[in-house]
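The values are calculated or read from the model by the stated rules, or taken from the named source; none is laboratory data. Computed from a predicted model, the values in this text were never measured in an experiment. FYI the Cβ positions are ideal-geometry reconstructions off the backbone, even for glycines, and counts take in every protein chain you see. Only protein heavy atoms, including side chains, enter the accessible area calculation; ligands, DNA and RNA are left aside. Shrake-Rupley method; radii C 1.70, N 1.55, O 1.52, S 1.80 Å.
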Amino acid sequence: MDLNWKSAIDSIPILNKAAVLTLELTAVAVAIGVVIGLLMALARLSKSKVVRAAAIGYIDFFRGTPLLVQIFLVYFLAPKIFHWDTLPNNYQYFAGVLAMGLNSGAYIAEIFRAGIQSIDRGQSEAARSLGMAHSQSMRYVILPQAFKRVIPPLGNEFIALLKDSSLLSIIAIQELFYSGKIIVGRTFQPIPMYITVALYYLVMTQLISQWVSYMERRLGKNDIR
Amino acid sequence: MKKTKSVRFTGVALLLVSLFVMTGCGASTVSPSPAQSEKILKVGTDPTFAPFEFKDEKDQLTGFDSDLIKAIGEDLGYTVKVESASFDGLIPSLQAGKYDAVIAAMTITDERAQNVLFSDKYLMATQYIATKKDSKIKTVEDLKGKKVGVQNSTTGQMVVEKLGMTPNKYDTVPDAITDLINGGLDAVVADSPVVLYFIKQNPNADVQYIKGDFPKEYYGIALKLGNQELDDKVNASLKKLRENGKYNEIYKKWFNEETPKI
């Protein structure tokens, strides 16, 4: 089969747009994931059995089922829950980002929990003996230190989610992979296109991991005396 | 240890129960579709099906179906908004109310007609067999025992299954043809215009076609079951476009010939 690289090169403007969309979707999903993850991590460490059970149930469900299935579930389930008969415009973006956010929330919960538990017990004991309430010691003493420690795994989660965003093609979100697929529908040149798409992902993941290690170094500075 | 396990189990159970409750409530209270005040026609299609619907170099939808639905929209005074989905997801999304109509080179079949309301037929096609140029496959009968690829949920899949075979089902026709060229398949069965278009666009590819003798099929625009009002409008518009030459103009643009009688 002749490889027609021109078809891929001509498509760069379309792919650029799709790459930006991919980044945006991932960033919003991670933002949702961080909020859910923090709440779930705290719930997971709660004294109340019910709260703990709810958090564990959430985490187990979203880590224990495939993201692809979750995307379909959210996509077809949300209209029923919200009683929509005709779906709002661009509904698939809402469903796609929500599914990714819910999924990453479960992983990020475990990242935060590990971060919180990695802080020496003496820290919270010291805070409590200074008269801080449990919530205060969490907020002013534990979480700021924990957050620094979870930067690398959070970066990994961002990268994993960026790659997984290609699954959103299944509900016709024109992110990077689906864009490539649509172009192949016109050019019938899959090999140059998917190599190009792979390079796009590679560049994006590399940039993110550079950024994460920069953040790690910057936040780690005041640890060095 | 035992305690953690029971907490974990309760958690998963709680979550599943709440999911079921939520869907249960939702399903029972969905009301029939309210009339739309805006004159927007939301249309779904699968943009990997040249020359009927695909995206051009500027990422804009184009193709025969795209031109036709725009002409119908213009005639009826609708603003046409086209959204994409994979072919096998189009009918579920139409039923879910995501679109008002689906135009996707969709053949009218009895099975589909139980789930959607079809407009009058707007195009005739049949299934062609694409093979490599040195292939020994010459007739439909020769397909038996061979590895055959189709696009999932298409009439190509239906005719191959009618022969008592299980085809490999791909997401798009280009995926199937690529596998044919790579040697993963002996033949691809797909709509005749799509096979012809592929060969026209890729004259150097090691692909030829065989007409076979599959039955004629007719494409229809799919609408939500019960939407008789829109169906009447679309049919009237199709008739008008055929009479005033607009249909023929679009047909000539994409197939380089006058509209055949169907």
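Things to note:
- Neighbouring Cβ atoms from other chains, within 10 Å of the Cβ of residues in A:177-183, number 4 on average.
- When shorter helices are ignored and each DSSP H run of at least 4 residues is given -39500 (n - 2.57), the per-residue value for chain B at 222 nm works out to -13000 deg cm²/dmol.
- Cβ-derived FRET efficiency at R0 45 Å, A:R218 paired with B:E57, nearest 0.05: 0.60
- Rounded, prolate or oblate (a/c below 1.5 giving rounded, otherwise prolate when a/b exceeds b/c) for the stretch A:5-223 by Cα gyration tensor: oblate
- Look at the dipole of the protein assembly as shown built from charges on Cβ: of A:I208, A:V35, B:V188, the Cα furthest out on the positive end belongs to A:V35.
- Inter-part distance where the stretch B:212-262 and the stretch A:67-144 are each reduced to a Cα centre, Å: 51 Å
- Residues B:W254, A:W211, sorted by accessible area with the largest first, give A:W211, B:W254 [1.4 Å probe; ligands and nucleic acids excluded].
- Note on surface exposure: B:E74, A:E175, A:E110, B:E141 rank B:E74, B:E141, A:E110, A:E175 by accessible area, highest first, 1.4 Å probe.
- Inter-site label distance for B:K138 and A:T65 at 7 Å from Cα along Cβ, in nm: 5.4 nm
- Positive-end residue, chain B charge dipole about Cα centroid, Cβ charges, pick of B:T79, B:P174, B:P215: B:P174
- Partner shielding of A:186-196 amounts to 4, given as the average count of beta-carbon atoms from other chains within 10 Å of each residue beta-carbon.
- Over 29 Å between alpha carbons, listed pairs B:K70/B:K216; A:K17/B:K121; B:K39/B:K121: A:K17/B:K121
- When accessible surface is computed with a 1.4 Å probe, chains A and B are found to bury approximately 3900 Å² between them, both chains counted.
- Choice from B:I91, B:I103, B:I137 with maximal GNM fluctuation in chain B (Cα, 10 Å cutoff): B:I137
- Rounded is the label for the stretch B:127-215. Its Cα gyration tensor axes, ordered a ≥ b ≥ c, give a/c under 1.5.
- Prolate/oblate/rounded call for chain B, Cα gyration tensor, a/c under 1.5 rounded: oblate
- GNM top mover of B:D186, B:D120, B:D59 - chain B, alpha-carbon springs below 10 Å: B:D59
- Restraint check, B:K136/B:K200; B:K55/B:K132; A:K6/B:K252, Cα-Cα greater than 31 Å: none
- Peptides ranked, highest mean first, by Cβ atoms within 10 Å: ranges B:77-87, A:40-50: B:77-87, A:40-50
- Overall, the stretch B:127-215 carries a charge dipole of about 200 debye about its Cα centre when +1 sits on the Cβ of Lys and Arg and -1 on the Cβ of Asp and Glu, all other atoms neutral.
- Peptide A:75-82, shielding by other chains (average Cβ, 10 Å cutoff): 5
- Relative to the 2.2 N^0.38 Å rule of thumb, the stretch A:1-131 has a C-alpha radius of gyration ratio of 1.46.
- Relative to the current alpha-carbon distance between A:L73 and A:R121, full extension at 0.36 nm per residue lengthens the span by 13.2 nm.
- Heavy atoms of B:I40: accessible area, 1.4 Å probe, square angstrom to 10: 40 Å²
- Build a GNM of chain A with springs between Cα atoms under 10 Å apart, and of A:P88, A:P144, A:P192 the one that fluctuates most is A:P88.
- Residue-level accessible surface for B:I129, protein heavy atoms, 1.4 Å, Å²: 0 Å²
- About the centre of its Cα atoms, the stretch A:5-223 shows a dipole size close to 440 debye [charges on the beta carbon of Lys, Arg (+1) and Asp, Glu (-1) only; nearest 20 debye].
- Proximal lysines to B:K138, defined as alpha-carbon separation beneath 16 angstrom and excluding residues fewer than eight positions away on the same chain: B:K146, B:K147, B:K211
- Extending 7 Å from Cα along the Cβ direction at B:I199 and again at A:A198 yields two label points whose distance is 3.2 nm.
- Estimated inter-spin distance, A:N16 and A:L130, nm [label 7 Å along Cα→Cβ]: 5.1 nm
- Only Lys, Arg, Asp and Glu carry charge here, each on its Cβ (+1 for the first two, -1 for the last two); on that basis the stretch A:17-140 has a dipole of about 360 debye about its Cα centre.
- Only helices enter this figure: runs of n ≥ 4 DSSP H residues, each worth -39500 (n - 2.57), summed and divided by the residues of chain A, yield -26000 deg cm²/dmol at 222 nm to the nearest 500.
- For A:F177, solvent-accessible area (1.4 Å; no DNA, RNA or ligand), Å²: 70 Å²
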